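Below you'll find the structure, written out as structure tokens, and then a few comments.
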Amino acid sequence: MAVELRDDSDNGSDLSRSGSPSPSSPTPSLSNTTSNDGEGIVDHSTFNQLLDLDMEDDDEFSRTLVHNYFEQAQRAFGDMDAAMSASDLLGLSRLGHFLKGSSAQLGLLKVKASCEKLQYYGQGMDAAGQHSSISNEEAENQIRILLIQMRREYDEAETYLKVLYGEQQLEQ
Amino acid sequence: MPMPASISPPGSPPSPTMSVDSIHGHNTLRLNSPLQLDQLRRIKVMIVDDNSINLSILSRMLEKHFTDIVQLTVITTSGVEALQRLASEEFDLILMDIDMPVLTGVQTTIAIRQNTSESPILEHNQNVAIIAVTTSDGAEQRELYRQVGMSDCVSKPIDPSKLRSAIEGAMKASG
């Protein structure tokens, strides 16, 4: 698929993908949204760059993007489970790299770090990306543990973002 | 001393016929040289990335922050699609993801530079400026990108100021 953005003469096209339009809401802020301000979950400077792509007083772009990320992550986790069942380590590595990119773009620190580890483990490397001599079975065990951790980290990030956009109440 | 009749009011866009002679006649500013006119031309950019999130962010960034440089952006989701597009349209710059299925960004760049794709790409595009946009940004990988003909590498998450520097450098290098 090739989609052209507007040039000077075209005011219509927009790459935002969305279902029904969301109601307008105040531009999300990374302050005062959770008790811990997302410390360790989200890199504020990266996410603020994303918010900077919103139009003034309209968070549709970033909100839609975040929801697209949720959908992408869910699909990736499903594919990871399938790859794990098939002992497809290279497939797991590719999936880790794929989700790492979009997680990085949203500033999701822990998810990105775990995705990177998955990328490395799937290629038989250690967590730092250095060559190691572990067996495929050992790599699978590492990945099995990592996937549980990654899912927990993703759930934490998803909750944080939903609270940020007012789509979920902060649990006290 | 009468002003030359060709002077336009301040703030007007430059005209090819505009020229200013100083009172002493030493300095002449002409805005009709090819270099200065080229500097006003905005570029056509192709983004290549298989990840829709990355495509959305980068294209939006160009749309919002780079309107002074970029006239039109086209997005493609694979190296194969990029090569097909390069066979029929001219581009000034490609922002290339690296890790993509089927054809990686490196393989796509090699195919462009060596024109080895199934459909020959336009001659203009063989030397198009290419910037890697990737999380795979270690020193060895950057050297590989340089060797296959990419002019720079911008890390994800993308910093708009670094992207701007890379684009300006790439455009300057490509003349």
Please list the non-local residues whose amide H lies under 5 Å from the amide H of B:V133, H modeled 1.01 Å from N, same-chain partners needing a gap of 5 or more. B:M96, B:D97, B:I98, B:V154
Rounded Å value of the spacing that divides the Cα centres of segment B:79-102 and segment A:88-123: 24
Give a residue-ordered list of calculated ³J(HN,Hα) values for segment A:147-159 (Karplus: 6.51 cos²θ - 1.76 cosθ + 1.60, θ = phi - 60°; whole Hz; x for Gly, Pro). 5, 5, 5, 4, 5, 5, 5, 5, 4, 4, 5, 4, 4
Pulled fully out, how much extra length does the chain show between A:I148 and A:A82, if you take 0.36 nm times their separation in residues and subtract their Cα-Cα distance? 22.3 nm
R0 = 41 Å: FRET efficiency of A:E137 with B:T116, Cβ-based, nearest 0.05? 0.50
For A:L108, distant residues with modelled amide H under 5 Å away: A:D43
Average partner chain C-beta neighbours within 10 Å, per residue of B:47-59? 6
Using a Förster distance of 35 Å, the FRET efficiency for B:E140-A:T159 (Cβ separation, nearest 0.05): 0.40
For B:V80, what charge total do you get from the other residues with a beta carbon under 11 Å from its beta carbon, if Lys and Arg give +1 and Asp and Glu give -1? -2
At R0 = 22 Å, how high is the FRET efficiency between A:F70 and A:H44 if r is their beta carbon distance? Nearest 0.05 is fine. 0.65
Pick out, from B:A170, B:I53, B:T67, the residue whose Cα sits farthest towards the positive end of the charge dipole of segment B:35-173, with +1 on the Cβ of Lys and Arg and -1 on the Cβ of Asp and Glu. B:T67
The answer for the net charge of residues other than A:H97 whose Cβ lies under 12 angstrom from its Cβ, with Lys and Arg +1 and Asp and Glu -1, is +1
With a ≥ b ≥ c from the Cα gyration tensor eigenvalues, square-rooted, and the rule rounded for a/c under 1.5, otherwise prolate when a/b > b/c and oblate otherwise, segment B:35-173 is rounded
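Where a number appears in this text, it was derived from the coordinates with a stated rule and is not lab data. Only a predicted model underlies this, so the values are computations on that prediction, with no experimental measurement involved. With ideal geometry, Cβ positions are generated from the backbone for all residues, glycine too; neighbour counts draw on all protein chains shown.
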